[in-house]
Each structure stands twice: as structure tokens, then as C-alpha cells.
Amino acid sequence: MFLERFDNYLRYEKRFSVHTINAYQRDLNQFKEFLTLSELSFESASYGDLRSWIVDQLESKSDPSSINRKLSSVRSFYKFLIREDLIKHNPALQVKSLKVPRRLPVVIEETGLNNLLDSEDVFEQGFEGLRDKLVIELLFGTGIRLAELLFIKEGDVDIYERQIRIFGKRKKERIVPVPVSLMTLLKDYIKEKQLQHFDNSAGILIVTKTGTPAYPQLIYRVVKKYLTYITTNKKKSPHVLRHSFATGLLNKGADLNAVKELLGHSSLAATQIYTHNSVERLKTIYKQAHPKA
């Protein structure tokens, strides 16, 4: 009952995306399973029980950042239960997050991505090849999130103004500009899609080969498949293309606040992590070019 009410709260009050809600559900169900093994419930769990759960996660070799995300879900859940007067004591109140080493975002070199997208041999002919190329172009050319990509509708594409309306976290709307090459690809894709005569009443832009809305695993497969051609990085995800978009803009002197708006960040602090990549690049250039470096 508690989980169902929390789910409705996230869905209708917080207006979180389906992707975010699913993540909360996974984290809380995992915590529930741990409590059940000790014959405990959400109501009876104590501060010590949460600490034991964290230790259990560490012993299972879970990444500290993943544990912190799960802990954040549990904190939000207990905060909701207190607000709704469903419990009287919050066991997560004093639980501290684990220290996590600061990692720089993984990026793909712009030259490699441009060569990939300019190649006439990599992407297959026909609808699926055109769709796959559009997926890479959209993620790298606009910096949008995976969840945002999946919910773009054809009606959100403004061909004349060369821009796309994006609905980000908590349904926050923003407009992202689209380069000429990407807009040309968008028009070609939509035209090819119409020739398939799909039954797509929702008007979702990115679809499967049968016309149903695309799903996260499909996008991951597409991105991994094509990034394998140009990088040996272990991490080949849609978010890597978002990182590459932001880092590329800053490397070319873009204003940090402008990048923040393009990415749909609510706080400038979230965008500032990309400045570290730019500083590292400047250090490399300095060492290569300065006579006394």
C-alpha cells in the first residue's frame, strides 16, 4: 500500500518521468526484500537496519554512487511517509551518503563522431538505418536525455524555425535549436516513416521497425553499435553523447549559462562538471605547445 501511494505521488504530484519512477520502484523493492529477510517492514526499520542494508550493498560490490542513488530513493520515500502521517519516525534521517570519487564525464572525440555521421557506408539503407542515424544525431546534436528523446512527437519538431520542443524532468519544457544538417535528416526520416504506413496515433517521432514507440534498450543498442566503430571506451551510452555535446560547446567557448539552458539543468552546479573536461583539454594543449611546458 505504501509503495502504491508513493508511486502515485511521484507520478501525479512530482510529475516524474516513467524512467525515474521505475528507478525508484527498483530501489525500494530491493530495500523491501532486504527488510523481509530480517522479518522487518518499512514501518519497523531502524537507523541500524538502513546501515546494515548499506553494508550489505558494499559487500555485494555495488558502486558507491549506485548505493547513494538507492539511499536517495529511500530517503524520499520515508520523507513522503512522514508527510502523509503514515509513520512517526524517519530512520533515514541521519543516514549519510557514501563518499564517491569525483569522475569526469566520459566523452567521444568530436572528430570521430563527425566522421561517423558523415560516412555513407556505416548506416544501413532504409528506414532502420535512417532512424539509427537520427538517434545518434539527435543525442549528439542537441544534448537531450534518453527519456526526452523517447517522448519527442512529430508535432514538437518545428521545421521552419529549426527547433524542437523538449519536455524534460518534471515535464519542464524547453526549446533546443537544431543545425541545418540535422533538420534535413529529420525531414528525410519523417518522409520515410510516412511511407511505412505505421499505425502511430500518438505521433511519437522515434519508433521501432514495426511502428511502435522506441524503448530505452533499443536506443542503448543503437548507440553502442555505432560508437563501437569510433571508440574503445567501455562506456557507450546515450548519456556519453550528451556529455560530448556539452563538452564540445564549452571547448569552443560557449557560455556556461547557455549550455545549462540547452541541457535543461535546473542548477548551474550540474553543468559545471563539464568545465573540468575543458580545463584538462587546455592543460594538454599547453603541454604540447608551450616551449617551457
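Where a number appears in this text, it was derived from the coordinates with a stated rule and is not lab data. Keep in mind the model is a prediction, meaning the values are calculated, not measured. Note that each Cβ is placed from the backbone with ideal geometry, even for glycine, and that neighbours are counted across all protein chains shown.
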Per the charge dipole of region 110-288 (beta-carbon charges, Lys/Arg positive, Asp/Glu negative, Cα centre), the residue among ALA214, ALA147, LEU130 reaching farthest to the positive end is ALA147
Cα gyration tensor shape for region 2-83, rounded if a/c is under 1.5, else prolate or oblate
oblate
Given a cut-off of 24 Å, name the pairs among LYS153/LYS234; LYS61/LYS171; LYS193/LYS234; LYS32/LYS235; LYS61/LYS234; LYS61/LYS96 whose C-alpha atoms lie farther apart than that in the structure shown.
LYS153/LYS234; LYS61/LYS171; LYS193/LYS234; LYS32/LYS235
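Which whole-number percentage describes the relative contact order of region 71-157, with Cα contacts under 8 Å and a sequence gap of 6 or more? Can you show the working numbers first?
Values: 25 pairs, mean separation 11.0, N = 87.
Dividing the mean separation by the residue count of region 71-157 yields 13 percent.
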Below 8 Å between Cα atoms, with a sequence gap of 6+, how large is the relative contact order for region 64-221 in percent?
18 percent
Mind checking which aspartates and glutamates have their C-alpha under 15 Å from LYS172, skipping anything on the same chain fewer than 8 residues away?
GLU13, GLU148, ASP156, GLU261
Take the alpha-carbon centre of region 247-269, take the same for region 76-112, and report the distance between them in whole Å.
24 Å
Contour excess over end-to-end distance, with Cα ends at ALA23 and SER60 and 0.36 nm allotted per residue
11.4 nm
Convert each backbone phi in region 184-190 into a coupling constant with the Karplus relation 6.51 cos²θ - 1.76 cosθ + 1.60 (shift: θ = phi - 60°), then list the ³J(HN,Hα) values in order as whole Hz, x for Gly and Pro.
4, 5, 4, 5, 5, 5, 4
Based on Cα coordinates alone, diagonalise the gyration tensor for the chain, multiply each eigenvalue by 5, take square roots, and list the semi-axes in whole Å, largest first.
38, 27, 18
222 nm [θ] for the chain, helices only, -39500 (n - 2.57) per DSSP H run of 4+, per residue, to 500?
-17500 deg cm²/dmol
Assigning unit charges at the beta carbon (Lys, Arg +1; Asp, Glu -1) and nothing else, what dipole magnitude in debye, to the nearest 20, does region 110-288 show about its Cα centre?
820 debye
What whole-number distance in Å separates the alpha-carbon centres of region 115-155 and region 1-36?
31 Å
Options TYR274, THR20, LEU81, ranked by Cα towards positive dipole end of the chain, top entry (Cβ charges)
TYR274
Would you mind checking the tilt of helix 47-59 against the longest principal axis of the Cα atoms of the chain, expressed as 0 to 90 degrees and rounded to 10?
50 degrees
Take GLU261 and LEU93, extend 7 Å from each Cα along the Cα→Cβ direction, and tell me the distance between the two endpoints in nm.
4.2 nm
LYS153 long-range amide H proximity, modeled H, under 5 Å:
LEU205
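What is the mean projected area of the alpha carbon convex hull for region 84-162, to one decimal in square nanometres? Could the numbers behind the result be given before it?
Numbers: hull surface 45.0 nm².
Quarter of the Cα hull surface area: 11.3 nm².
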